[in-house]
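The values are calculated or read from the model by the stated rules, or taken from the named source; none is laboratory data. Because the structure is a prediction, the values reported are computed rather than measured. In this analysis, Cβ positions are derived from the backbone assuming ideal geometry, glycine residues included, and neighbour counts consider all displayed protein chains.
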Amino acid sequence: MSLKHPRAKQPRVTALSVDPLYDLGGETIPRHRIGPHEVTPSVAYETIHDELMLDGNARMNLATFVTTWMEPEAERLLQETFDKNMIDKDEYPQTAELEMRCVNILAHLWNAPDQGNATGCSTTGSSEAAMLGGLALKRRWQHKRRAEGKPADKPNLVMGINVQVCWEKFANYWDVEMRLVPMEGDRLRLGAEEAVAMCDENTIGVVAVLGSTFDGSYEPVKEICDALDAYQERTGIDIPVHVDGASGAFVAPFVDPDLEWDFRLPRVSSINVSGHKYGLVYPGVGWIIWRDASHLPEDLIFWVNYLGDNMPTFALNFSRPGAQVIGQYYNFLRLGFEGYRKVQQYSRDVATRLADQIAALGPFELLTRGDALPVFAFVLKPEVENYTVFDVSAALRERGWLLPAYTFPKNREDIAALRVVVKRGFSHDMADLLIEDIKRQLPRLQAQPTPVHNADTHTGFHH
Ligand SMILES: Cc1ncc(COP(=O)(O)O)c(C=O)c1O
């Protein structure tokens with residue numbers, strides 16, 4: 001099977017068009033084959049640079065959770081360290097040291113019981129971290145079942161249908177049954193009772209998301225843990241919780257300090273986060289931390305040489321960039337707790353104000369208002385029948401805004417929403433420009449006789 005996009009065009013067998021002032025000695029550069037000879041660095045640079053101009057403007061990308069702006073000093077550090085391979089712990093011991101500092105910082109932020117000796121590692125992002133978290137849950141469950149002389153061949157993992165696609169990958173790649181709690185009425189995320197209703201002796205864990213990619217809301221981690229406590233009392237079955245804090249684990253510690261979602265809850269076994277989302281680092285870095293060493297089975301750990309010694313690692317990749325880990329440590333050092341708090345609070349202020357302004361425009365209704373993650377989703381009121389959220393998304397794209405429109409999953413497929421992700425680098429001024437552009441486009445949309453775009457015709461958007 002090819003990994004080509006179904007709508008991809010046939011590869012053009014034409015040559016690349018190169019500025020005629022560059023002398024290629026009469027040769028051309030084929031588009032889909034390696035060229036016959038070398039070209040100068042400036043020809044290579046200009047040609048690729050010009051083609052990439054057609055990508056969207058990252059700063060106007062309100063679809064992505066991933067960092068689109070870092071300080072010049074951070075960029076300088078990243079450039080200086082692009083050559084570092086994270087796995088070469090022996091050759092780059094200080095990079096390995098900074099990684100361990102980050103692990104300890106996160107364990108402390110998330111209230112792990114043994115903070116001096118945190119168990120965790122960096123990854124390429126939350127997806128890899130989710131794989132590692134899921135694997136640890138599966139292996140722990142298997143060990144327990146085998147020790148009890150019970151079958152260990154039908155593991156399942158319980159989660160809401162709104163989970164990010166990485167969990168579907170985990171279940172598929174590692175043969176774990178995915179038990180998805182559907183949405184119901186106004187509950188657009190996992191509910192505690194509904195999660196417990198799907199659990200049994202083969203459940204390796206429950207995944208709670210902080211917060212949902214569909215609407216930015218936090219799932220009720222504490223309620224889920226409490227409901228699993230009651231379930232254990234009733235049945236004797238002890239089910240751990242993994243928190244997918246891809247975005248929220250870098251938001252809640254700073255702006256929701258009283259919210260109990262982390263290792264303060266004894267049932268929380270592991271937490272993942274994307275350093276490249278609200279950790280404020282360019283892609284790709286993620287993190288996973290376990291409550292303590294007993295939550296990460298020994299037989300998943302591999303050993304690499306480190307300063308002539310052996311260092312434990314748990315990863316899907318071997319080689320992987322070290323620069324982003326250094327970027328993460330830069331942010332911890334540069335911002336400190338208060339700096340992170342200011343950044344996340346500002347994003348929340350921008351998100352909630354922008355959400356209120358959108359609600360005040362008239363045709364829109366908010367599903368969320370940006371007061372959990374600085375992310376909110378909104379729909380068109382039912383009486384709007386002549387244009388769709390997909391039309392709104394397309395109209396805004398004309399001005400360069402990337403604002404995704406999408407439908408919700410099973411049981412609430414009727415909801416078609418737009419979503420705004422506010423992050424560092426998106427200011428009140430930019431939010432005002434977005435509002436002006438929505439206002440400018442609305443009269444045209446309101447005058448159109450029938451919808452133009454729908455979920456099938458619109459550019460695909462995936463969570
Ligand atoms: C809740 C959640 N989990 C996992 C992921 C995957 O994260 P990554 O892109 O870092 O692999 C995302 C990405 O949006 C997410 O929102």
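Of all the listed residues (225, 166), the sole one being more than 16 Å from the ligand (Cβ to nearest atom), in contact (Cβ under 8 Å) with a residue 40 or more places away in the chain, under 30 Å from residue 347 (Cα atoms) and not in a loop (DSSP other than H, G, I, E, B) is 225.
Cβ separations smaller than 6 Å between residues 6+ apart or across chains give the following pairs from segment 19-37 residues that are surrounded by 10 or more Cβ atoms within 10 Å (Cβ to Cβ) to residues that are among the basic types (Lys, Arg) and at pLDDT below 90: 31/12. Go through segment 106-138 residue by residue and tally those that are crowded, with 19+ Cβ neighbours inside 10 Å and in a helix (DSSP H, G or I). Qualifying residue count for the region: 16.
Taking the criterion of being among the aromatic types (Phe, Trp, Tyr) and over 18 Å from the mean Cα position of the chain (by Cα), the residues of segment 341-381 that qualify are 346, 364, 378. Every condition in (1) away from the ligand (no atom under 16 Å from the Cβ); (2) under 24 Å from the mean Cα position of the chain (by Cα); (3) more than 15 Å from residue 237 (Cβ to Cβ); (4) among the basic types (Lys, Arg) holds for residue 146 except the one numbered (2). Look at residue 58 and say whether it is within 16 Å of the ligand (Cβ to nearest atom) and within 24 Å of the chain's Cα centre (by Cα). So residue 58 fits the description; yes. In the condition set (1) within 16 Å of the chain's Cα centre (by Cα); (2) of a type outside the set (D, E, K, R); (3) outside any loop (DSSP other than H, G, I, E, B), residue 216 is compliant with all but (3). Scanning segment 234-268 for residues that are away from the ligand (no atom under 16 Å from the Cβ) and under 20 Å from the mean Cα position of the chain (by Cα) turns up 253, 254, 255, 256. Among the aliphatic types (A, V, I, L, M) and surrounded by 13 or more Cβ atoms within 10 Å (Cβ to Cβ): does that describe residue 377? Yes: the conditions hold for residue 377.
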